[in-house]
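Single-structure report; data block below.
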Amino acid sequence: MNKYFSFFLTGLLWSCNNQEIEPLNLKYINLLPSHTISISCDSNFSISNLNHQISISENPDAANILIKTNGEVFRIETRDKKVKKVLQIPKEGPGGLSGQSDQDGMIFFNDTLWGYTHSWKHKSYLLKPLDAKEVFSLPDDGTKAFIHTQFSHPINNGQTILIPIYNHPVKAKGTDTFSFLRGNLDTEKFEFVIPSPPLYSEAYWGGAPWQYLPSVVYLASSKEYVVSFPLDHHLYVYDEAMKLKRKTLLPSQDLPENFTPFQKEYNENTFDYLKDRKYYGLLSYYFGLVHDPANHRIYRVVRIVKPDPNNPNSDPISSKNLVVCDEKLNYLGEWKIPPQYDPSASLFVNKQGLWLLDDEKLNPEETLLTFDIFDGKFKQK
């Protein structure tokens, strides 16, 4: 019997703000692709060189995504089935951004305006062709940073942007560990919002940043933000005033019921870097959230890592799942993603549904990208 299902059968109910949450009957499902589309690109674009920064317009009718690699921003034109370069971010000069990295983030506003978060400079910018205007700078004390991935990236809601924040697991102790920076483009005012869950301050979860990065999606229909943290089985729902409305348990049945920290407390004198790297290498957690507004779905992306039972000294076995719920956060099931798809590399959503790049159909020249598209339909296994 599944550990979560058995746990809930005891009659214990989770609650938040006096709202009871019914027990979950966890189950596996199989997502079904509705159709396949191939996108052509030239030799200047290489899927293997992507830094996995994908910035998606929050408009559900959008037919494009933005991808940044080596300072170049490309848009996948899903209607024309082509990849188009739309921006070259200058590295030098008055409008340039030196020191660009694959941990920087981007926000799409329109074809002439982007938002840009610079990781090592700890600054955010409004970006126009040949012009970069600084609008915010994080404190230069090492407590916070902009570190963004495909699933932990800035989002925009009209004139309001929400930027995930990395809180240093040691230096941020005793400080306000808010998880997001909220900004208004009209006033250019910024404030820190949404506290990190208490578990992050109760133990030391290792030195890698990825297990600390929050993820957020915006639900235009209910005017709510849904937030996921890598080491928390709950999803947190906030209104537009950043007030917590509720939290809902949405676990993966392939993750442990309780995550094990690297250490109870960080100790500089006994810290072992190699053990820390090994700990992260075997850590399973939630990558983040993906919203499919056209099909009223939210997907929670899960990283699952296990030692190879046949060769304990070899690299661990890694796989990915999607926990699926509707926009009310009603649990629908969990999909074990087939190995030909790597959602941490190439996954996005537009009005047709969820797009996943099929690695098995990638031609050697990488000039034809073949995506399977999932429109929310599934069957129970």
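The values are calculated or read from the model by the stated rules, or taken from the named source; none is laboratory data. Keep in mind that this is a model prediction, so the values were computed, not measured. Neighbour counts run over all protein chains shown; Cβ positions are idealised from the backbone, glycine included. The accessibility values were calculated without ligands, DNA or RNA, using every heavy atom of the protein model including side chains. Shrake-Rupley method; radii C 1.70, N 1.55, O 1.52, S 1.80 Å.
A few remarks follow.
- Charge tally around residue 73: other residues with Cβ under 13 Å, Lys/Arg +1 each, Asp/Glu -1 each, net +2.
- Per-q log10 I(q)/I(0), the range 131-210, q = 0.25 Å⁻¹ (Debye; single scatterer per alpha-carbon; no solvent): -1.36
- Note on the range 62-214: along the principal axes its Cα atoms extend 50, 33, 28 Å, ordered by decreasing extent.
- Using θ = phi - 60° in the Karplus curve 6.51 cos²θ - 1.76 cosθ + 1.60, the 3J(HN,Hα) couplings for the range 133-147 round to 10, 6, 10, 7, 9, 6, x, 8, 10, x, 7, 9, 7, 8, 10 Hz; x is entered for Gly and Pro.
- Each 20 Å bin from zero up to the one holding the largest Cα-Cα distance in the chain carries the following percent of pairs: 27, 61, 12, 0.
- Heavy atoms of the protein chains alone define the surface here; on that basis the range 209-344 has 45 Å² accessible area per residue at 1.4 Å probe size.
- Whichever aspartates and glutamates have a C-alpha closer than 13 Å to that of residue 306, once near sequence neighbours (fewer than 8 apart) are set aside: 254, 315
- Diffusion coefficient (Stokes-Einstein, Kirkwood radius over C-alpha pairs, 20 °C, 1.002 mPa s) for the range 228-345: 132 µm²/s, rounded to a whole number.
- HN-Hα J in Hz across the range 345-353 - Karplus 6.51, -1.76, 1.60, θ = phi - 60°, x for Gly and Pro: 9, 9, 8, 7, 10, 9, 5, 7, x
- Between residue 342 and 357, 359, the built amide H atoms are under 5 Å apart, and every one of these is 5 or more places off in sequence or on another chain.
- If you take the alpha carbon atoms of the range 128-266 and fit the smallest convex hull around them, that volume is 139 Å³ per residue.
- Amide hydrogen neighbours beyond the local backbone of residue 205, cut-off 5 Å, H modeled: 262
- At 0.890 mPa s and 25 °C, Stokes diffusion of the range 91-178 via Kirkwood alpha-carbon radius, µm² per second: 180
- Largest-first ordering by accessible area, 1.4 Å probe, given options 124, 137: 137, 124
- The listed residues 122, 296, 233 rank as 296, 122, 233 when sorted by accessible area, largest first, using a 1.4 Å probe.
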